Structure formats: C-alpha cells, structure tokens
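Inspection log for the structure reproduced underneath, given as structure tokens.
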C-alpha cells in the first residue's frame, strides 16, 4: 500500500505575496516529507480539487490534509470537511483531515522564539 | 523610558474554541516576555482598542503589535495599519507594527517538525 499523499492546506489569497510567504513556510516540510505538496482552500491555485485530481490520475487514492492554520474556526470545522466529502465522491479518493498545525505545542514555542528574536533585533 | 508593551495580535473569531487555541499558542510568549498580552483584530475581546486604552490609562504610551499571522494579506497590509493610525490619534499612543510571525524561518521549521510528528503518530 502506498503512503498517503500529504497536502499542506493553506487558506489562499488573491495577494501573490501571501502565497509566496506560505510557500516559504512549507519549504522545509516539502524538503523533508516525501510525497507532499501545497494546496489552497480558496482564492489561489493549486486548489484541493486540482491536487487530488492530479494525484488520482497518478495512481494515488489516499490523501492526508494537514492544515497550515494556527487554529480551527469555521473553515476547518465546516467548509473544509464539506469540500472533502465532495472531493471523495467526485474523485473516488480517501481523504483524512489532520488537526491544524497550531494545535501542536511546538508552534507556541516557535512563536515565543520569534517574538524574543524580534525584541533582540529592535530593542526598546 | 519604559519598554513598549507587546500586543500579540490574533485575527479573532466568534468561535470560543478558536480563541482558546490562540491563548494556548500565546502562552509560552506571555510566560517569557514581560509586559505582553493578547488582543484580537475583530470578533473577540480584548480588542486592540481595549488593550491600548488600558495601557495608556496605566501610563504606557509605546506599543508594539506582533501579528500572530502566518502571512500578511489584506488585513495586515491595509486594515491593521488603518486601525493603528486611528488608535494612535484617539489614545495619543505610539504603535509599531512588527512583521507577522510566519515570515520568520523558525515557523517553517516548526511546521516541518509538527508534520513529521503527525506522520510518526499515525503511520500510513
């Protein structure tokens, strides 16, 4: 059995700079995890539909979506599960939804480190 | 001169669980950085207006807003700067806006660590 393809899900924005920041955020994961790629929930490509359609065409039927979101609000509790249900039907795929990355304590520790670095760089 | 008060700015949500996740994300920073607190851009309290009003009442006039956002989109490029301009006028405060935490490479490394831990916990 093949490993599921990992989809790093970002919200998406019509602002290209926003998407570029996300691509930079995803780069270390893409370099370390086989078979992973970025997709956007809305407003940018590739969409979840695009990457799942491509994956199925390449013989992958198992996907795991890891939300690059700091917390779960309406999008992750309602919109994304509804999109997943539809995508599973349309593409004959199995799609798991992982918790948003912000629920892991490592993120809070990284935020502390970033804030402390910012304070060192620009002391009051 | 007193150090600026640090405001960890989150988007905000009407979903209490969303705000609770952010409070957990902010906890390590609040434990390590003096004079820091959380505020929400919209949909939740305390708002930026509330924390700046309170800070000024306590004798603080210098604030630094650190956005707990993974990337800068419309909110951080337009809405928040406009809110800051208004808050500076209304409260006679000086408010700096720091880059969003997601622009620091430490965040991308933390995301990689979280994704790899998730994969170890739920192997394919």
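No value in this document is a laboratory result; all are computed from the given coordinates. Note that this is a predicted model, so its numbers are computed, not measured. Virtual Cβ from ideal backbone geometry, glycine too; neighbours counted across all protein chains shown.
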Extension reserve of the residue B:106-residue B:90 stretch, reckoned as 0.36 nm per residue once the Cα distance is removed
2.2 nm
Going by Cα centres, the stretch B:85-123 and the stretch A:41-57 are how many Å apart?
26 Å
Other-copy label distances relative to residue A:99, 7 angstrom Cα-Cβ extension, nm:
2.9
For chain B, set up a GNM with springs between Cα atoms under 10 Å and report which of B:86, B:103, B:58 has the largest fluctuation.
B:58
How far is residue B:120 from the same spot in each other copy, in nm, shortest first, if each label point sits 7 Å from Cα toward Cβ?
2.6
Distance in nm between residue A:61 and residue A:116 label points, each 7 Å along Cα→Cβ, equals 4.9 nm
What are the nm distances, shortest first, from residue B:32 to its equivalents in the other copies, labels at 7 Å along Cα→Cβ?
1.7
What's the minimum Cβ distance from chain B to the axis relating it to A, in whole Å, and which residue gives it?
B:110, 2
Mind giving me the nanometre distance, one decimal, between the label points for residue A:37 and residue A:3, set 7 Å out from Cα along Cα→Cβ?
1.7 nm
Rounded to whole angstroms and listed largest first, the alpha-carbon spread of the protein assembly as shown along its three principal axes comes to 63, 30, 27
When the stretch B:25-100 is reduced to its Cα atoms, the Kirkwood hydrodynamic radius in Å
13.0 Å
Shielding score for B:11-17, defined as the mean number of other chain Cβ atoms within 10 Å
3
